[in-house]
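The values are calculated or read from the model by the stated rules, or taken from the named source; none is laboratory data. Note that the coordinates shown come from a computational prediction; the quantities given were computed from them, not determined experimentally. As a convention, Cβ positions derive from the backbone with ideal geometry for all residues, glycine included, and neighbour counts pool all protein chains shown.
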Amino acid sequence: MLADLVEHVIAIDPDRDRITAVVLEAKTKGVVATATFRATKNGYVALLGFADEHTLGGERAFVIEGTRSYGAGVTQAVESAGEWALEFDRTEQKKRGRVKNDERDAIDIGREALGRERLAEPRRGAEREAVRTHHVARESALKDRTRAINLLKSLVVSAPEDLRARLRGLSTKGLVKRCASLRHAASQPIDERGTRQTLRLVAQRILTLEGEIAAHEQAIRPLLQSQAPQVLAQFGVAEWATAQLLISWSHPGRCRSEAAFAHLGGSAPIEASSGQTKRFRLSRGGDRQLNRALHVIAVTRMRDCERTKAYVERRRAQGKTDREIRRCLKRYIARQMFRLLEQGAPS
């Protein structure tokens, strides 16, 4: 347990503008001191001074909640100072009927962390962060483009018949291109004039989003080729899936084993046996975006990879359903990807 490795824990509950820190004695879990600091560079320096003042030597660890959100700044400052930083995901114990505040939350974080056998290291790496920002922005632009295309098609359905007849039968790409070049005139009926103007603006939004998506893909491609070429070269692993695998894995040692990586991705099997039936099901927890990447790789290989097709037929002959076969494949793929990431990680 963490309590056996350190003498003190500095538990941190971050917010947008401030961070609340609590120093706990590891053996007794007693509160030594509490303080609040600004979430700024000077505030982080003051936090480290506060920790030095109340720990008086010995091993210590900083346990931080939300290391990739409000806690990102303090995590970077703590690691830059050479301190041991640990990521706290969420409390497992539900406290009901008590007052809730930042200090109380920090105390709960520290006490629960001291009782845990394993805590994750914060995700790190400048290259990984560059991949993450481009990947997240690209995913957001893809969703916005889909919504805009759906809006454009719904507007065409209700457009005046003459305009609708001109746009009928076009592919999505052709429809966007045609609508982006529409013009309106004062002599046209007001409904048609408004529809034309709206169609043009929505189509131009789609083209702008497509340009943004292409820019993110162009920027992320060399990052993936330098960080995870061994993953990118695998059958059925697209660039976006490679990016998600790299983001979730982060760095060597963050996941202690390939089983832990599979559990993180929600592909670790959970026993669901009953009576004479012995079976397993997939976990519904974990990183759902990582799970999505594993799922798409599995489906792609089931469709296009001859080796995987042979495996599917063999498992079907054993009485496995397609859902159970996908579960097995996702677990195998998680093992393969973890080993590739660990073995091919840049030094």
Quiz item: Does L182 satisfy the condition of being modelled with pLDDT of 90 or more, outside the structural domain of I325 (by TED's automatic domain parsing) and outside any helix (DSSP H, G or I)?
Solution: yes
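Of the residues in segment 226-239, how many are assigned to a loop (DSSP other than H, G, I, E, B) and out of contact with any Gly (no Cβ under 9 Å at 6 or more places or on another chain)? Walk me through it before giving the result.
Residues of segment 226-239 assigned to a loop (DSSP other than H, G, I, E, B): 228, 233-238.
After this cut, where a residue has to be out of contact with any Gly (no Cβ under 9 Å at 6 or more places or on another chain) as well, the list is 233-238.
Total satisfying the criteria: 6.
How many residues are in a helix (DSSP H, G or I), in contact with a helix residue (DSSP H, G or I) (Cβ under 7 Å, 6 or more places away or on another chain) and either among the small types (G, A, S) or crowded, with 16+ Cβ neighbours inside 10 Å (or both) when one looks only at segment 156-170? Reasoning before the result, please.
Taking segment 156-170 and keeping what is in a helix (DSSP H, G or I), we get 156-157, 161-167.
Checking which are in contact with a helix residue (DSSP H, G or I) (Cβ under 7 Å, 6 or more places away or on another chain) leaves us with 156, 163-164, 167.
Among the residues that remain, those that are also either among the small types (G, A, S) or crowded, with 16+ Cβ neighbours inside 10 Å (or both) are: 156, 163, 167.
So the count comes out to 3.
Quick check on segment 87-102. Is at least one of its residues assigned to a loop (DSSP other than H, G, I, E, B) and crowded, with 17+ Cβ neighbours inside 10 Å?
We begin by selecting, within segment 87-102, every residue assigned to a loop (DSSP other than H, G, I, E, B); these are 89-101.
Now narrow it down to the ones that are crowded, with 17+ Cβ neighbours inside 10 Å: none.
Scanning segment 87-102, I find no residue that is assigned to a loop (DSSP other than H, G, I, E, B) and crowded, with 17+ Cβ neighbours inside 10 Å, so the answer is no.
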Exercise. Determine which member of the set E313, E258 is farther than 22 Å from E217 by Cα, of a type in the set (D, E), free of Cβ contacts under 8 Å to residues at least 40 places away in the same chain and not assigned by TED's automatic domain parsing to the domain that holds A137.
Key: E313
Exercise. Would you be able to say whether some residue in segment 269-283 is within 21 Å of the chain's Cα centre (by Cα), among the acidic types (D, E) and closer than 23 Å to E117 by Cβ?
Key: no
Exercise. Tell me which of these L207 doesn't satisfy, since it passes every other one: (1) within 30 Å of T172 (Cα to Cα); (2) at pLDDT below 95; (3) hydrophobic (A, V, I, L, M, F, W, C).
Key: (2)
Quiz item: If you take the residues of segment 269-297 that are assigned to a helix (DSSP H, G or I) and free of Cβ contacts under 8 Å to residues at least 40 places away in the same chain, which of them is farthest from V136 (Cα to Cα)?
Solution: H295
Practice problem: Collect the residues in segment 25-40 that are among the β-branched types (V, I, T) and out of contact with any strand residue (DSSP E or B) (no Cβ under 7 Å at 6 or more places or on another chain), keeping them in residue-number order. | Solution: T28, T40
Exercise. Select from segment 316-333 the residues that are assigned to a loop (DSSP other than H, G, I, E, B) and not basic (K, R) and list them in ascending order.
Key: Q318, G319, T321
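Each row is one residue, and each column tells you yes or no for (1) part of a helix (DSSP H, G or I); (2) within 30 Å of the chain's Cα centre (by Cα).
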{"site": "L175", "(1), (2)": "yes, no"}
{"site": "S187", "(1), (2)": "no, no"}
{"site": "Q197", "(1), (2)": "yes, no"}
{"site": "R205", "(1), (2)": "yes, yes"}
{"site": "A214", "(1), (2)": "yes, yes"}
{"site": "R221", "(1), (2)": "yes, yes"}
{"site": "L224", "(1), (2)": "yes, yes"}
{"site": "A241", "(1), (2)": "yes, yes"}
{"site": "P252", "(1), (2)": "no, yes"}
Quiz item: Which condition number in (1) at pLDDT 90 or above; (2) within 25 Å of the chain's Cα centre (by Cα); (3) among the acidic types (D, E) is the one that D89 fails?
Solution: (1)
Quiz item: Which residues, counting only those in segment 171-194, are closer than 16 Å to A148 by Cβ and either among the β-branched types (V, I, T) or surrounded by 14 or more Cβ atoms within 10 Å (Cβ to Cβ) (or both)?
Solution: T172, L175, V176, K177, R178, C179, A180, L182
Quiz item: Is one or more of the residues making up segment 319-341 more than 19 Å from the chain's Cα centre (by Cα), among the hydrophobic types (A, V, I, L, M, F, W, C), surrounded by 20 or more Cβ atoms within 10 Å (Cβ to Cβ) and closer than 29 Å to L119 by Cβ?
Solution: yes
Self-check item: Subset of segment 1-32 (residues that are in contact with a His (Cβ under 8 Å, 6 or more places away or on another chain) and assigned to a strand (DSSP E or B))
Solution: H8, V23, L24, E25, V32
Quiz item: Do any residues in segment 153-176 that are in the same structural domain as A203 (by TED's automatic domain parsing) have Cβ atoms under 8 Å from those of residues that are part of a loop (DSSP other than H, G, I, E, B), where the two are at least six apart or on different chains, and which pairs are they?
Solution: P160/P189; L167/A159
Self-check item: Inter-residue pairs, beta-carbon under 6 Å, first modelled with pLDDT of 70 or more and in segment 115-131, second polar (S, T, N, Q) and assigned to a helix (DSSP H, G or I), 6+ apart
Solution: P122/T75; E127/Q227
